1. Tell me yes or no: at least one residue of region 154-171 is in contact with a Ser or Thr (Cβ under 6 Å, 6 or more places away or on another chain) and over 21 Å from ILE18 (Cα atoms).
2. Which residues, taken from region 94-121, are over 25 Å from ASP84 (Cβ atoms) and of a type in the set (Gly, Ala, Ser)?
3. Just give me the residues in region 128-172 being modelled with pLDDT under 95 and of a type in the set (Phe, Trp, Tyr), in sequence order.
4. GLU19 versus (1) closer than 16 Å to GLN216 by Cβ; (2) surrounded by fewer than 18 Cβ atoms within 10 Å (Cβ to Cβ); (3) touching a Lys or Arg at 6+ places or on another chain (Cβ under 6 Å): which is the lone unmet condition?
5. Out of all the residues in region 22-32, is one or more surrounded by 15 or more Cβ atoms within 10 Å (Cβ to Cβ), touching a strand residue (DSSP E or B) at 6+ places or on another chain (Cβ under 9 Å) and basic (Lys, Arg)?
6. Residue pairs, Cβ under 7 Å, 6 or more apart or interchain, first in region 1-20 and over 22 Å from THR155 (Cβ atoms) and without any contact (Cβ under 8 Å) to a residue 24 or more places away in the chain, second part of a strand (DSSP E or B) and of a type in the set (Lys, Arg). List them.
7. Tell me the strands (runs of 3 or more DSSP E) entirely within region 136-226 that contain at least 2 residues that are surrounded by 16 or more Cβ atoms within 10 Å (Cβ to Cβ) and in contact (Cβ under 8 Å) with a residue 60 or more places away in the chain.
Amino acid sequence: MIQFKDVQIGYREILLSIEQLTLKNGEIHALIGANGKGKTTLLKTINGLQPTLSGGIHINNELSANLSHTDLSKLVSFVASKFDGIEHLKVRDYIALGRTPYTNLFGRLSAVDQEQIDKAISTLEIGYLIDKQTTEISDGERQLCAIARALAQETPIITLDEPTAFLDYSNRVKVLTILKSLAIEQQKCIIFSSHDIDICIEMNLPIIYIDQSSNQLIQTQSISKTELLNRCFGM
């Protein structure tokens, strides 16, 4: 669960304000907003990569600013918009990186680590990829691998920065369908930024959007495409 109260997000200047918002486990939220309005900065702030300008973010009832990097990485995982692969790195070894918060200084994987890696691979149904090089598979397959790495990290919260940006339509729907199922079945809190407004509305995904006139983050369970475009982009 993520709780915001009187939070201001940005760098030297305020990009985004959140008066009060709670994102619960078992839910997925699409983050919609114009470029430059703070979507990526919000995700970085949740992940502890950027401090708030004011106010606090509570992660599972703990103030995130008080958590160590290791403790926070056991609560929140992050998936970038695109993973291009790494030369000579096999898929299974890449997914295993998700266990880094739990391994010792030598990075040795325990039986529990291996179990979580296997579970993530099974959940995403990508067992056929594990012995392939990450540079030898498609964009859609790499994105599934990136999500599997986040699952192996075993966090109650998963954040994703435009996870469908470089995928074709069928793979966009596939990734969002998987994420929606994960949120419900594994009781995870998932938030992802997206420009796929049509798909998000078609799939009836809860939406949080950045109002372009007030720079406020607003949560809604139901909104038309026309109204969303107007509020986010002034269209």
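The values are calculated or read from the model by the stated rules, or taken from the named source; none is laboratory data. What you see is a predicted model; the values in this text were computed from it and never measured. Every residue, glycine among them, receives a Cβ derived from its backbone with ideal geometry; neighbour counts consider all protein chains shown.
1. Checking region 154-171: at least one residue is in contact with a Ser or Thr (Cβ under 6 Å, 6 or more places away or on another chain) and over 21 Å from ILE18 (Cα atoms).
2. Scanning region 94-121 gives SER110, ALA111.
3. Once the filter is applied, which keeps residues that are modelled with pLDDT under 95 and of a type in the set (Phe, Trp, Tyr), region 128-172 yields PHE166, TYR169.
4. Result: GLU19 fails condition (3) only.
5. Checking region 22-32: not a single residue is surrounded by 15 or more Cβ atoms within 10 Å (Cβ to Cβ), touching a strand residue (DSSP E or B) at 6+ places or on another chain (Cβ under 9 Å) and basic (Lys, Arg).
6. Partner pairs satisfying both residue conditions: GLN20/LYS5.
7. In region 136-226, 157-161, 189-193, 207-210 are the strands (runs of 3 or more DSSP E) which contain 2 or more residues that are surrounded by 16 or more Cβ atoms within 10 Å (Cβ to Cβ) and in contact (Cβ under 8 Å) with a residue 60 or more places away in the chain.
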